1. Can you divide the C-alpha Rg of the stretch B:171-309 by 2.2 N^0.38 Å and report the result to two decimal places?
2. If you take the C-alpha gyration tensor of the stretch B:235-336, multiply each eigenvalue by 5 and take the square root, what semi-axes do you get, largest first, in whole Å?
3. For the protein assembly as shown, what is the convex hull volume of the alpha-carbon atoms per residue, in Å³?
4. P(r) of chain A in 10 Å steps, Cα pairs, percent per bin?
5. Using a 1.4 angstrom probe on the protein heavy atoms only, could you order A:Asp278, B:Asp359 from most to least accessible area?
6. Output the lone cysteines of the protein assembly as shown: those with no second cysteine's C-beta under 4.7 Å from their C-beta.
7. How high is the relative contact order of the stretch A:150-303, in percent, with contacts defined as C-alpha pairs under 8 Å that are six or more residues apart?
8. Considering only protein heavy atoms and a probe of 1.4 Å, how much of the accessible area of the protein assembly as shown is carbon and sulfur, as a whole percent?
Amino acid sequence: MAVALKRSLAVLVKSLGGPKWWQQASRSVSISASLSRVESPPARADATFKVTMLPGDGVGPELMTAVKDVFKAGDVPVEFDEFHLSEVQNMASEDKLEELLSSMKNNKVAIKGKIHTPMEFKGELASYEMRLRRKLDLFANVVHVNSLPGYSTRHNNLDLVIIREQTEGEYSSLEHESVPGVIECLKIITRAKSRRIAKFAFDYATKKGRNKVTAVHKANIMKLGDGLFLQCCAEVAQLYPKIKYENIIIDNCCMQLVQNPYQFDVLVMPNLYGNIIDNLAAGLVGGAGVVPGESYSAEYAVFETGARHPFAQAVGRNIANPTAMLLSAANMLRHLNLEYHSHMVSDAVKRVIKQGKVRTGDLGGYATSDEFTQAVIANLAV
Amino acid sequence: MAGTAWRSAIRNVLRMLGLTINGQDKTKPQEVSRVLGSFKNGSPQPRNFIREMQTVTLIPGDGIGPEISNAVMKIFEAANAPIEWEERNVTAIKGPGGKWMIPPDAKESMDRNKIGLKGPLKTPIAAGHPSMNLLLRKTFDLYANVRPCVSIEGYKTPYTDVNLVTIRENTEGEYSGIEHLIVDGVVQSIKLITEQASERIAEYAFEYARNNQRASVTAVHKANIMRMSDGLFLRKCREAAEKHKDVKFTEMYLDTVCLNMVQDPTQFDVLVMPNLYGDILSDLCAGLIGGLGVTPSGNIGANGVAIFESVHGTAPDIAGKDFANPTALLLSAVMMLRHMGLHSHGKKIETACFDTIRDKKVLTKDLGGNSKCSEFTEAICQKVRDMD
């Protein structure tokens, strides 16, 4: 009797469409209602979340379609705000960037593809992707490299986290030609940003229960620059006595990754080395199509693939692998606290790959992207 | 008689094309390419057809350096290679004017012989002088570092069928050593790319590909991010590709190369790149075939100087105990023989070395066996003698 009263109260509040905290209240009431009655389905969110979507170039739009299809089939309460910003297709301008930034400020969460940077530059040396990162201050890029169950590569059961500083380092876009034929490119390392990324890495390791953080550098050659980075990592490491701290030179690290990748746990590094190691590690578990990645700033979170390539050769041919984008979307759902939906999507993807019947070309199969997406949707309900 | 003149004319043409009648007049493929090369350029290359002893400067190095140099000398003796060794020591000394330099007798020996073989050199920390490798590089202007990576049968790694060469620009790029502390907490490192150095390395890469029957050259860069600097490097590679139309030229981003390298290394042939990417990629490729203990390496300099070296460390913990593995220095020495044109000796020694590793009876500790360095060396010498 009391239970029925509680339920009707919840329905009443919902129908009134009251302010947010009422909705919160109604949500908690319906949860307790469901707890007392085991047979009712678990609580679902009542509000839809708005997420900025940036399809990008190359196969980005196709992958985004896959994400949208899967979300629709799974009844996921997420609404996308789409923006088309592209340097290659001449759809980029300052106003578009501003629109995108204001949407991000509202939504705080985004999912995006890769905005390709053409090699010829007209005026500005910094690409749109770099500018976006700097304006939103997305300083940390986290790529969690996990071997997929059911798909074996030369190294199985890999579980690495690669944390890369994304706003300075070699990607400062500060180049000039001092004398005709002599070009200087500046690599900037600052103490503040190095400390920030080191702290992020150790916090991440603590939160996820990781044991070791390894800093990757080339301080034997770039004594001042990478030396400063290394010093900051060492200073921050002292604040976390429970986590083991090591450091390794980048060329040795690459060699060890192909010979014995199991010795690493969490890796933290400046910009360029991060680019190299992200791609190397993605190749170890199956390529750019299977590894999700995310970028964090103090206020925003952007979800994308781990190894960022526009993959222009596959546009229109329906062969791109949506796994990475779908897993990244699942991570986004977890970030939004939609645990149930997040598990639903990631379990479906992992089940399809484990069964091995429907696989795209990069994993050795013959299915198209659409077939793979359909298979994931079919596995959602189970 | 007209018949014999006609026959000898045909035989000459066939010899130029590398074919034979009844197996006579057989010339090795590499020599043919050098002949064809000179044919195109119009200036004949000086060829030493008389077998005379060529002198090579040997720098044993520190740590395990002396043991492995001895091993190499023994094997060369067993193979009857026409090489005379001149041993020299390089320790940094302060020359007139306060600049650090290598001992003058070592410099004079290298300049005379032009070819050198070097063991691992120790870089003491806080010794006040720059690393020995850096000094050698600056003294002889060693602008290209060549590392051929070929999978060794018998030493199993998860990557089989690796057969690629990394050519790395060795003088500038990110390793120019120009760094400044702008304000407290902000450091700036300068990456320098010059037209002259990029042109030189691109030309060398294509020449190497041509002389060693390599089908394609891939330029590795990051010109989408470092648009001006890597853009210049790429432009020079493209210009060199225009001049060498017989070698296929492709360009690939560094991250794409890393991604594909660990999935399928067979798709790469010759890779040319600036300093930092070269350092990382060449070590990555060394890891694919089994590590620095089995990887050869050569440094090519201006004025025809070439120094071949083993890239591993001095391993002070096993120095003097006869545990060292001479494979890296031996394969570098084979690379040196090929560079000098002594292909038959190079092939003989290389085959002996690979056969010994494949047999797995006598292997040093790092290759998975239990034998000593001297036993391993003796096994190779035996195989070499058996081949004659």
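The values are calculated or read from the model by the stated rules, or taken from the named source; none is laboratory data. Nothing here was measured: the structure is a model prediction, and the numbers come from that model. Every residue, glycine among them, receives a Cβ derived from its backbone with ideal geometry; neighbour counts consider all protein chains shown. The area values use the complete protein model at the heavy-atom level, side chains included, leaving out ligands, DNA and RNA. Shrake-Rupley method; radii C 1.70, N 1.55, O 1.52, S 1.80 Å.
1. Here the Cα radius of gyration is 1.11 times the empirical estimate.
2. Largest first, the stretch B:235-336 gives 30, 19, 12 Å.
3. For the protein assembly as shown, the hull spanned by Cα atoms encloses 214 Å³ per residue.
4. Here the calculated profile for chain A is 5, 21, 29, 25, 14, 5, 1, 0, 0.
5. Numbers: A:Asp278 5, B:Asp359 70 Å².
Largest to smallest exposure gives the sequence B:Asp359, A:Asp278.
6. For the protein assembly as shown, the answer is A:Cys185, A:Cys232, A:Cys233, A:Cys253, A:Cys254, B:Cys237, B:Cys258, B:Cys353, B:Cys373, B:Cys381, because their Cβ atoms have no other cysteine Cβ under 4.7 Å.
7. Numbers: 219 pairs, mean separation 49.4, N = 154.
Here the relative contact order equals 32 percent.
8. Carbon and sulfur: 54 percent of the exposed surface of the protein assembly as shown.
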